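Working notes, beginning with the structure itself.
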Amino acid sequence: GFLLTKQGRFTSVNAPGHTSTVAVRLLADGSIIGCYHEAAPDAMRGMKLTQGKLSALDQLNSMHTGATPDGKMIVGTFNDRSAGKSHGRSYVLNGSTFTPFDVPGSSSTSAQDVNAGGTIVGGYQLNGIGHGFVREREVYTTLDVPGAASTTAYGISDDGTVVGAFTDARGATQGFVAKRK
């Protein structure tokens, strides 16, 4: 991974002792979240790097994808193989408490971001079609751009505005901004 400063300088970001690092988000305190891994794909783990100190999730095949502005709540995705088959799931990491979740009825769920109020956004698969979701206080709302072939939410602001991408009927990918009424 890397960090680009205001002065236009790139700084390499590496999880100490690991060969590959993916930097996904920069938090207000300067911490970086994402994942690290080795050559073996099963070695990927969600991580937070704060002033050179690494904290990693003890969950194989995981990646931190979003965090509250204070970094106290982190969301991410992992490949759950506990039932003998591969299943994409999401998680909330609140302190040291790891809580996996799925959009009910989905075949896979991918959390992408969380705002200061704890509202989570992302995407899920149902019958082979991608949908966006908003999870607020354990209530899931599907977020689909009208007429889109698939939708995914990637970010949410503290006022609840959601950004993401959708694939239109022609197969072109476009961005969207969704605001509450």
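The values are calculated or read from the model by the stated rules, or taken from the named source; none is laboratory data. The structure presented is a predicted model; accordingly, all values stated were derived computationally and were not measured. Every residue, glycine as well, gets a Cβ built from its backbone with ideal geometry; the counts of neighbours run over all protein chains shown. In case anyone asks, the SASA skips ligands and DNA or RNA and just uses the protein heavy atoms, side chains included. Shrake-Rupley method; radii C 1.70, N 1.55, O 1.52, S 1.80 Å.
Points to keep in mind about this one:
- Looking across segment 51-64, just one residue is open to solvent by less than 60 Å² (accessible area, probe 1.4 Å) and either in contact with an Asp or Glu (Cβ under 7 Å, 6 or more places away or on another chain) or among the acidic types (Asp, Glu) (or both), and that is ASN61.
- Where ALA43 falls short, out of the listed (1) of a type outside the set (Asp, Glu); (2) at pLDDT below 85; (3) buried (at least 21 other Cβ atoms within 10 Å of the Cβ): (3)
Here's the yes/no breakdown for (1) out of contact with any His (no Cβ under 6 Å at 6 or more places or on another chain); (2) closer than 18 Å to VAL121 by Cβ:
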| position | (1), (2) |
| --- | --- |
| SER20 | no, no |
| GLY30 | yes, no |
| TYR36 | no, no |
| GLY46 | no, yes |
| GLY52 | yes, no |
| SER62 | yes, no |
| THR68 | yes, yes |
| GLY71 | yes, yes |
| PHE78 | yes, yes |
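- When segment 126-141 is limited to residues that are in a loop (DSSP other than H, G, I, E, B) and charged (D, E, K, R), the one that is most open to solvent (accessible area, probe 1.4 Å) turns out to be ARG137.
- If you go through segment 65-83 and pick out every residue that is at pLDDT below 90 and buried (at least 16 other Cβ atoms within 10 Å of the Cβ), you end up with 2.
- Only residues that are over 15 Å from GLY30 (Cα atoms) and not in a strand (DSSP E or B) were counted in segment 49-98, giving 13.
- Whichever residue in segment 142-169 is surrounded by 15 or more Cβ atoms within 10 Å (Cβ to Cβ) and in contact (Cβ under 8 Å) with a residue 40 or more places away in the chain and, among such residues, is farthest from THR109 (Cα to Cα): GLY160
- Residue pairs whose Cβ atoms lie under 6 Å apart, separated by 6 or more positions or on different chains, with the first residue in segment 99-119 and touching a residue at least 40 places away in the same chain (Cβ under 8 Å) and assigned to a loop (DSSP other than H, G, I, E, B) and the second open to solvent by less than 70 Å² (accessible area, probe 1.4 Å) and hydroxyl-bearing (Ser, Thr, Tyr), are ALA116/THR68.
- Looking across segment 83-135, just one residue is over 15 Å from GLY155 (Cβ atoms) and of a type in the set (Asp, Glu), and that is ASP102.
- Annotation: ASP113 fulfils all but one of (1) of a type in the set (Asp, Glu); (2) open to solvent by 20 Å² or more (accessible area, probe 1.4 Å); (3) within 30 Å of ASP168 (Cβ to Cβ); the unmet one is (2).
- Residues of segment 18-32 include none that is open to solvent by 20 Å² or more (accessible area, probe 1.4 Å), more than 13 Å from the chain's Cα centre (by Cα), of a type in the set (Gly, Ala, Ser) and under 19 Å from PHE98 (Cβ atoms).
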